[in-house]
Amino acid sequence: MSATSQDLLRELDKPPFWRLLSVFDWLWALLVVAGSAYTFVHYQGLMDDYEVGILFGVSLALIGLGWSWKPVRALSIAVALLSLAGINLYGGSLAAGESNFFLRFFLASQSAVMWMSALFIAATPVYFAALAARSEFTGKVASAMTWSAVTMGLVGLMVRWRESYLLGGDIGHIPVSNLYEVFILFSLITALIYLYYEMRYRSRAVGGFVLLVISAAVGFLLWYSFDRGAHEIQPLVPALQSYWMKIHVPANFIGYGAFSLAAMVGVDTVARLGRTAQPGWLPGLTSAVHGDDGRCHVQIHRAGFCLLYGGNHSRRAVGCRGLGWLLVLGSQGNLGADRVAELRRLVSHAPDQGLARRADGLVGGDRPVCHRFRLPRR
């Protein structure tokens with residue numbers, strides 16, 4: 001795609017990033033810095049050099065994230081307040097979780113995770129209802145339920161972290177260390193990545209499909225908890241007591257979440273490619289994103305691939321390339337076997353821009369799959 005003179009002038013006239021920051025942006029930065037300084041002053045004796053570095057690194061990342069994605073501010077404040085409330089209600093004893101009403105039914109880690117699970121599952125049909133009825137209000141309700149689920153899931157992880165230390169100083173650990181905890185993390189990361197792109201592209205067309213993946217993870221989480229008692233906190237084995245595990249697990253699951261979202265965007269994209277072959281309500285779904293899902297798919301795909309590769313430190317991650325497309329192409333029988341085979345070859349070998357251009361001609365669509373892959377600047 002060639003840039004026009006108007007595009008170049010618009011880029012030249014764009015003010016520096018610092019001038020775009022408002023008073024609330026600086027107040028947010030001040031709040032994060034104050035919280036980090038308080039933590040450092042009061043708990044420095046319990047942290048080593050690595051943990052001090054992690055504290056301030058996370059603080060800088062949170063400031064930047066709050067500047068670039070405003071809803072993170074409200075999410076962070078809500079999670080901090082609810083987590084601190086739960087920790088304060090515990091005091092110094094886990095026994096309070098059985099007697100205190102708010103802990104037992106709302107703020108204890110397992111209670112918060114149950115709220116997260118219920119909200120994710122309930123939000124799934126609401127997204128589909130919003131899509132079928134083309135109702136903006138219903139879509140906002142679904143988004144609010146998803147944000148609430150993310151909030152409760154993060155609160156559950158934060159309170160679980162404290163609960164592990166109440167069991168004993170040698171038992172306490174960050175809650176990303178077993179299958180139960182990482183499935184919570186997977187659900188949260190996938191939802192957050194989706195919510196970011198929902199806001200960026202102003203479309204909820206694939207929300208129900210993404211929540212299907214999250215609901216499947218929640219279903220496993222519930223079975224693993226009730227049938228196997230996986231929610232019970234156990235001491236870490238020595239092999240898991242490593243800082244590399246704290247990097248490996250979140251990086252991997254950010255990649256998994258990105259690929260899961262890319263798979264669902266792929267469902268939407270391939271359905272739109274075949275919209276002329278099968279009438280019905282699918283064309284309404286696939287036209288709702290106005291061509292932006294192609295760009296969204298490529299951006300998520302690249303982010304997921306990089307993070308998964310970095311988390312695994314292995315060439316095995318290369319095999320995950322194109323997962324979103326390959327998961328759905330085989331089931332799109334309405335495209336015809338020859339078109340499916342050609343699309344599979346294209347997504348495996350062709351450059352992104354060539355894929356968009358050639359796939360358009362392949363299915364005879366009247367609108368580009370991805371009218372431009374250069375992401376819009378805001």
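Let me spell it out: the conditions are (1) assigned to a helix (DSSP H, G or I); (2) farther than 23 Å from SER22 by Cβ, and LEU60 meets all of them except one. Which number is the exception?
So the condition that LEU60 fails would be (2).
Please find, among LEU185, LEU212, the residue that is buried (at least 20 other Cβ atoms within 10 Å of the Cβ) and either under 16 Å from the mean Cα position of the chain (by Cα) or of a type in the set (Asp, Glu) (or both).
LEU185
Can you pull out every residue in the stretch 103-117 that is assigned to a helix (DSSP H, G or I), surrounded by 14 or more Cβ atoms within 10 Å (Cβ to Cβ) and not polar (S, T, N, Q)? Steps first, answer last, please.
Within the stretch 103-117, the first condition is being assigned to a helix (DSSP H, G or I), and the residues that meet it are 103-107, 109-117.
Checking which are surrounded by 14 or more Cβ atoms within 10 Å (Cβ to Cβ) leaves us with 103-104, 106-107, 109-117.
Across the stretch 103-117, the qualifying residues are LEU103, ARG104, PHE106, LEU107, ALA112, VAL113, MET114, TRP115, MET116.
Regarding SER177, is this residue farther than 25 Å from PRO125 by Cα, in the same structural domain as ARG134 (by TED's automatic domain parsing), buried (at least 17 other Cβ atoms within 10 Å of the Cβ) and among the small types (Gly, Ala, Ser)? Can you show your working first?
On the way: farther than 25 Å from PRO125 by Cα: yes; in the same structural domain as ARG134 (by TED's automatic domain parsing): yes; buried (at least 17 other Cβ atoms within 10 Å of the Cβ): yes; among the small types (Gly, Ala, Ser): yes.
In short, yes.
On the basis of being within 17 Å of SER117 (Cβ to Cβ), part of a helix (DSSP H, G or I) and among the acidic types (Asp, Glu), does GLU181 make the cut?
In short, yes.
Restricting attention to the stretch 148-178, and to residues there that are part of a loop (DSSP other than H, G, I, E, B) and among the β-branched types (Val, Ile, Thr), which single residue is farthest from VAL113 (Cα to Cα)?
Residues of the stretch 148-178 part of a loop (DSSP other than H, G, I, E, B): 168-178.
Going one step further and asking which of them are among the β-branched types (Val, Ile, Thr), we end up with 171, 174, 176.
Details: ILE171: 21, ILE174: 16, VAL176: 14 Å.
So the residue we want is ILE171.
Go through the residues of the stretch 195-207 one by one and say whether even a single one is within 25 Å of LEU82 (Cα to Cα) and among the hydroxyl-bearing types (Ser, Thr, Tyr).
Within the stretch 195-207 (the criterion being within 25 Å of LEU82 (Cα to Cα) and among the hydroxyl-bearing types (Ser, Thr, Tyr)), the answer is yes, since at least one residue qualifies.
Report, by residue number, each residue of the stretch 151-170 that is in contact (Cβ under 8 Å) with a residue 24 or more places away in the chain and either of a type in the set (S, T, N, Q) or within 18 Å of MET47 (Cβ to Cβ) (or both).
Hits for the stretch 151-170 are THR151, MET158, ARG162, SER164, ASP170.
Give just the number: which of (1) crowded, with 21+ Cβ neighbours inside 10 Å; (2) at pLDDT below 90; (3) over 21 Å from LEU94 (Cβ atoms) does THR190 not satisfy?
(2) is the only condition that THR190 fails.
Looking at (1) over 23 Å from HIS173 (Cα atoms); (2) touching a residue at least 24 places away in the same chain (Cβ under 8 Å); (3) buried (at least 16 other Cβ atoms within 10 Å of the Cβ), which is the only condition VAL72 fails?
(2)
Just to be sure, is VAL79 touching a His at 6+ places or on another chain (Cβ under 9 Å) and of a type outside the set (S, T, N, Q)? Before you say what the answer is, go through the steps one by one.
Values: touching a His at 6+ places or on another chain (Cβ under 9 Å): no; of a type outside the set (S, T, N, Q): yes.
The answer is no for VAL79.
Hey, among GLY66, GLY45, which residue is part of a helix (DSSP H, G or I), out of contact with any Phe, Trp or Tyr (no Cβ under 7 Å at 6 or more places or on another chain) and of a type in the set (Gly, Ala, Ser)?
Working: GLY66 fails: out of contact with any Phe, Trp or Tyr (no Cβ under 7 Å at 6 or more places or on another chain).
That would be GLY45, the only listed residue that is part of a helix (DSSP H, G or I), out of contact with any Phe, Trp or Tyr (no Cβ under 7 Å at 6 or more places or on another chain) and of a type in the set (Gly, Ala, Ser).
Go through LEU84, LEU94 for me and flag whichever is in contact (Cβ under 8 Å) with a residue 40 or more places away in the chain, surrounded by 12 or more Cβ atoms within 10 Å (Cβ to Cβ) and either assigned by TED's automatic domain parsing to the domain that holds SER242 or closer than 20 Å to VAL159 by Cβ (or both).
Going through LEU84, LEU94 in turn, just one is in contact (Cβ under 8 Å) with a residue 40 or more places away in the chain, surrounded by 12 or more Cβ atoms within 10 Å (Cβ to Cβ) and either assigned by TED's automatic domain parsing to the domain that holds SER242 or closer than 20 Å to VAL159 by Cβ (or both): LEU94.
The values are calculated or read from the model by the stated rules, or taken from the named source; none is laboratory data. What you are looking at is a predicted structure, and each value in this text was computed from that prediction instead of being measured. Every residue, glycine among them, receives a Cβ derived from its backbone with ideal geometry; neighbour counts consider all protein chains shown.
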